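S.K.: My questions will all concern the structure given below.
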Amino acid sequence: MSRNIFEFFRIGRSASSIDQRQSRLLLLAALFLFLDSVILTLSPAVREQTWNVSYRWSQWIGYAIWAALFFLADRFTRKQLPDRDPLLLPLASLLSGWGILTIWRLDPAYGIRQAIWLTVSLAALAAILYYLPSDLAPLRRYKYILLTGGLIITGLTLLLGTNPEGYGPRLWLGCCGVYLQPSEPLKLLLVVYLSAYLGDRLLIRQRFFPLLFPTIFVTGIALLLLLVQRDLGTASIFVLIYTVILYMATGKRRVLLATALMLALAGVVGYFFVDVVHERIGAWLDPWADPSGHSYQIVQSLLAIANGGMIGRGPGLGSPALVPVAHSDFIFTAVAEETGLLGTTALIIVFCLILARGLRIAFRAPDQFRRILAAGLCAYLGIQTLLIIDGNLRLVPLTGVTLPFVSYGGSSLLTAFIAIGLLLMISSQPDEMPALLTAPGSYYFVMGVLGVGIIATLFANSWWAVLRGPDLLNRTDNPRLAISDRYVPRGAILDRNNQPIDVTEGQSSAYHRVYLYPDLAPVTGYIHPTYGQAGLEASLDKTLRGLQGNPASLIWWDHLLYGTPPAGLDVRLSLDLELQKRADQSLGDHKGAVILMNAQTGEILVMASHPTYNPNKLDEIGASLAQDQNTPLVNRAAQGMYASGSALQPFAYGLKTAQQVIALFENLGFYTPPQIRLPVAGAMQSGELKNLRISPLQMIVAEGTLSAHGLRTAPRIVLAVNTSQQGWVILPALGQSIQALDTATADRIANELAIQNQPFWEWAGAGNTGPDFSTWYLEGTLPDWKGTPLVAVVLLEENSPALAKDIGVQLLKAAITP
């Protein structure tokens, strides 16, 4: 019955239809790559949104070479293999062309080399088709010589090995710019050897271990060479290829169990005793523990995939070069960043089609040797593809191997096209019936495992690109944010009177952030390609970047057309820059914080934190700021937590039990962090009294009740955003205002603290004694004040009540004086 099925497949497969199908598919690949080349050419104009740029032209050389080579390959295969599989060559051509254009976009020098290697690879494919007989008998006959030669050449790298980059493992042979990595063709020679050996022995009744001993011996030698070279990725592929071929040929599941145990044991031993394995497994298990060190590659890989999102940034518009070795080990992430989930899914589907056609060829092979060979070639391509893509996606530890047909690497490209050539030859057997399939279950099982691996890969790809993408892109160590800021103007941060605080200057490709009032840096923060984001620049990033506040259609259109968000939106703060300057001058070199707030609306007019720093000089001082014992990066007003001490006595006066005090403090907000569009410190656990620590922001929210008849107003520092369609739009407070004290109690406390002949009340308190000493000074307008109700808090990290009072009084008088 199986023979009838294969006869059915042959119906209608004339040479003419095969030729037409192959040519049409090659034409589709050429059109796709032509469009890719056009977009790459125009990408500088798209990125800078002007026609006055230097365009990319050099990739057209690679496209022309690719087109000429595959035009010739199409003609040659028509003549040599009239009954070949019509999909293999177009699929391989698409992958190799996609790879060349991606490599050329990353580094034209590597692109030229890859084009030369493509020429060599297709010449080798043509030689195989022309000189090898259709039954591949020389491969079968000289299997030992071929594998021994491969082992000898690989062994020479121990003595004569080099590295084209000038550093790293010495896995190549060659000089003068021409290098070969012997371990790549050695994979192919292992497949050929195993196929020939098992194809000859399977029909002979023989015990399992005597049957396998020669294969274990020669494979062990190859593994030993690779382990001495520390080429652990290729060694893993050897083990998996050996296992898959052996299992498909014999159907013995003990092979799978033995390999699984061996790989698990090797992983455990390597983790504890081999530094390279320890680093790679550690980076795989927890890349976020060391994102700028050993895990830098995988973290940047995931960020690139996240940056691509669903549709990608567009060819030439991403930043794939941020991932080390993007042209080779991480070329999948380069494709992901610029073509998105859609592009990488298409890439994976192309590989799936190659594997499906290869396994179909294996089922139809006329003898056991060619069947095992075709299946082994599929195993080699499938295993290596899944290992490198899954390594980029953090499904498995990084292996350092290449993506077949796509990654830069002449040895890999040559080996992959030789594999395609052999598959084409096995597929072109018009007059031979398929051999009897002795163990179909093993083939189906391997197909199922590959299918599960592909599904897991597609899911992981979707996970990082779409589901986890937004969270990853918001990481402060994502340098793509700063790169985007060079091409799209970031919104300005203004004070309540529209006086600029932080602005963007320059022109497209050279936009940069300028901080016009550096003393406000602990509050407004910064954005920097190395040091990330802080302060309001971080909390308002989506608005300042144009991702929030603009119409969704505009955001989508700009992303589709330019690969960037639209222009950022200006933000107006509640701060009064003139009052802010007074507070900063008064604080001077003293450590502490000052806040002035409208008790009725919650608008913060002043928020000063000292010591401060100059964010315009982050390139020079950034590395030392994090180590500075004075912690200038901390916004003491909102993130500093200080012992409350006697500063809270006025609020608790007259309360008789601890439960009453705790309930009052709950109402005043001492056990909850303030809700405000600004990074703030967390709050202490509810019920804490003796060691209660609060921030100046929490303190001013609470003391506002004394000037606002008991109303605890939600604080606000961001007032409005200037949208493209509606102009200035007022932003509501994040929190809710509540009646924390009854009006009579609040007014009574304020009047008892009133200063004679002054329209405001005051209270001075102290936190801890000793080196952790802090001085609190609280003040606010009286309840019967006819003007704007204001409150102020001064916190000094020293024992200076007189200075604290002077700062507070001068600031409040300046604020209430017309």
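S.K.: For region 490-582, with all protein chains present and a 1.4 Å probe, just round the carbon and sulfur fraction of the accessible area to a whole percent.
M.R.: 51 percent
S.K.: Once Lys and Arg get +1 and Asp and Glu get -1 on their Cβ, which of Ile755, Gln580, Gln384 lies farthest toward the positive end of the dipole of the chain?
M.R.: Gln384
S.K.: Sticking with this one: Can you give me the Cα centroid spacing of region 76-123 and region 524-559 in angstrom?
M.R.: Going from one Cα centre to the other spans 41 Å.
S.K.: Could you report the accessible area of Arg280 in Å², rounded to 10, computed with a 1.4 Å probe on the protein chains as they sit in the structure?
M.R.: Spelled out: Arg280, probe radius 1.4 Å, area about 90 Å².
S.K.: Kindly list the residues of region 298-334 that lie in the label zone of Arg468, defined by a backbone N under 12 Å from the point 7 Å along the Cα-to-C-beta vector.
M.R.: Zone members listed by number: 298-306.
S.K.: Which value at 222 nm does the chain reach when only helices count, each DSSP H run of 4 or more adding -39,500 (n - 2.57), with the total divided by all residues and rounded to the nearest 500 deg cm²/dmol? Write out the running numbers ahead of the final one.
M.R.: Working: 31 runs with 446 residues, N = 818.
Calculated at 222 nm, the ellipticity per residue is -17500 deg cm²/dmol.
S.K.: Asn757 versus Leu31, label points 7 Å from Cα toward the beta carbon: distance in nm?
M.R.: 9.2 nm
S.K.: Then there's this: How many nm separate the modelled label positions at Ser646 and Met310, each set 7 Å beyond the Cα in the direction of the Cβ?
M.R.: According to this spin-label approximation, the distance is 6.3 nm.
S.K.: Long-range amide H contacts for Arg712: which residues qualify at under 5 Å (H placed 1.01 Å from N, peptide plane, sequence gap of 5 or more or a different chain)?
M.R.: The answer is Ile738, Gln739, Ala740, Leu741.
S.K.: Related question: Taking R0 as 51 Å, what FRET efficiency do you get between Leu72 and Val268 from their Cβ-Cβ distance, rounded to the nearest 0.05? Numbers along the way, then the final one.
M.R.: Details: r = 51 Å, r/R0 = 0.99.
Efficiency, rounded to the nearest 0.05: 0.50.
S.K.: State which entries of Lys656/Lys805; Lys143/Lys252; Lys542/Lys591; Lys581/Lys805; Lys581/Lys617 exceed 22 angstrom in Cα-Cα distance in the structure shown.
M.R.: Over 22 Å apart, Cα to Cα: Lys656/Lys805; Lys143/Lys252; Lys542/Lys591.
S.K.: How far apart, in nm, are the 7 Å Cα→Cβ label points at Ile153 and Gln629?
M.R.: Distance between the two pseudo-spin positions: 6.4 nm.
S.K.: While we're on this one: Taking only protein heavy atoms and a 1.4 Å probe, what accessible area per residue, in Å², does the chain have with all protein chains in place?
M.R.: So the chain comes to 42 Å² accessible per residue, rounded to a whole number.
S.K.: Additional query: Read phi for every residue in region 668-677 and hand back ³J(HN,Hα) as whole Hz from Karplus 6.51 cos²θ - 1.76 cosθ + 1.60, θ = phi - 60°, with x for Gly and Pro.
M.R.: Calculated HN-Hα couplings, in order: 7, x, 6, 10, 9, x, x, 8, 7, 7 Hz.
S.K.: Ranking request for peptides 186-199, 721-734, 541-554: highest mean number of other beta-carbon atoms within 10 Å first, then the rest in descending order.
M.R.: Top of the packing list down: 186-199, 541-554, 721-734.
S.K.: Still on this structure: Just report the Cα centroid separation between region 659-686 and region 619-648, whole Å.
M.R.: 20 Å
S.K.: Can you work out the Karplus-derived ³J(HN,Hα) for every residue in region 535-551? Use 6.51 cos²θ - 1.76 cosθ + 1.60 with θ = phi - 60°, whole Hz, and x for glycine or proline.
M.R.: x, 5, 4, 7, 6, 9, 4, 4, 6, 5, 8, x, 8, 9, x, 8, x
S.K.: Normalising by the residue count of region 663-818, find the relative contact order in percent from Cα pairs under 8 Å and 6+ residues apart.
M.R.: This gives 18 percent for region 663-818.
S.K.: Check which residues have an amide H placed less than 5 Å from Ala534's amide H, if you skip close sequence neighbours.
M.R.: Close amide H contacts, sequence-distant or interchain: Tyr526.
S.K.: Work through the residues other than His590 whose Cβ is under 12 Å from its Cβ and net out their charges, Lys, Arg +1 and Asp, Glu -1.
M.R.: That works out to -3.
S.K.: Treating the beta-carbon of each Lys and Arg as +1 and of each Asp and Glu as -1, no other charges, what is the dipole magnitude of the chain about its Cα centre, to the nearest 20 debye?
M.R.: 3720 debye
S.K.: If you don't mind, another one. Please sort 409-417, 696-704 by packing, taking for each peptide the average over its residues of neighbouring beta carbons within 10 angstrom, highest first. Present the calculation step by step, with values, prior to reporting the outcome.
M.R.: Values: 409-417: 25.4, 696-704: 28.0.
Result, highest mean Cβ count within 10 Å first: 696-704, 409-417.
S.K.: Per 0.36 nm of contour for each residue apart, how much would the distance between Ala127 and Arg748 grow if the chain were fully extended, relative to their Cα-Cα spacing? Before the final figure, lay out the partial values.
M.R.: On the way: separation 621, 0.36 × 621 = 223.56 nm, distance 9.98 nm.
So the extension gain works out to 213.6 nm.
S.K.: Of Leu790, Ile676, Leu731, whose Cα points farthest to the positive end of the dipole of region 666-798 (charges on the beta-carbon: +1 Lys, Arg; -1 Asp, Glu; origin at the Cα centre)?
M.R.: Leu731
S.K.: 5 Å is the cut-off here: which amide hydrogens, built 1.01 Å from N in the peptide plane, fall below it relative to Leu790, excluding neighbours closer than 5 in sequence?
M.R.: Ala599, Thr781
S.K.: Which option, [x] 1.24; [y] 1.47; [z] 1.01, is the value of Cα Rg over 2.2 N^0.38 Å that was calculated from these coordinates?
M.R.: [x]
S.K.: Moving on to the next point. Please name whichever of Gln698, Gln810, Pro133 sits farthest to the positive end of the charge dipole of the chain, dipole taken about the Cα centre and charges placed at Cβ: Lys and Arg +1, Asp and Glu -1.
M.R.: Pro133
S.K.: Using r as the Cβ-Cβ distance of Leu516 and His294, and R0 as 60 Å, what FRET efficiency do you calculate, to the nearest 0.05?
M.R.: Values: r = 40 Å, r/R0 = 0.66.
Once rounded, the FRET efficiency stands at 0.90.
S.K.: Considering only DSSP states other than H, G, I, E and B, which trypsin sites (Lys or Arg not before Pro) in region 766-818 qualify as loop sites with at most 12 other Cβ atoms within 10 Å?
M.R.: Lys786
S.K.: For a protection proxy built on the mean count of beta-carbon atoms within 10 angstrom, sort 123-134, 329-340 highest first, please.
M.R.: So the order, starting with the most tightly packed, is 329-340, 123-134.
S.K.: Apply the Karplus parameterisation 6.51 cos²θ - 1.76 cosθ + 1.60, with θ equal to phi minus 60°, to every residue of region 652-665 and state each ³J(HN,Hα) to the nearest whole Hz, in sequence, with x for glycine and proline.
M.R.: In residue order, the calculated couplings are 8, 4, x, 7, 9, 10, 5, 5, 5, 5, 4, 4, 5, 5 Hz.
S.K.: Please report, as a whole percent, how much of the solvent-accessible surface of region 9-133 comes from carbon and sulfur atoms (probe radius 1.4 Å).
M.R.: Roughly 68 percent, rounded to a whole number.
S.K.: Additional query: Between Arg475 and Tyr55, what FRET efficiency follows from the Cβ-Cβ distance if R0 is 35 Å, with the result rounded to 0.05?
M.R.: The pair Arg475/Tyr55 has a calculated efficiency of 0.60.
S.K.: Further question: To the nearest 20 debye, what charge dipole does region 27-137 have about its Cα centre, counting +1 at the Cβ of each Lys and Arg and -1 at the Cβ of each Asp and Glu?
M.R.: 200 debye
The values are calculated or read from the model by the stated rules, or taken from the named source; none is laboratory data. Remember, predicted model here, so these are calculated numbers, not experimental data. Glycine gets a Cβ as well: all are built from the backbone with ideal geometry, and neighbour counts include every protein chain shown. Calculation scope for accessible area: heavy atoms of the full protein, side chains included, ligands and nucleic acids excluded. Shrake-Rupley method; radii C 1.70, N 1.55, O 1.52, S 1.80 Å.
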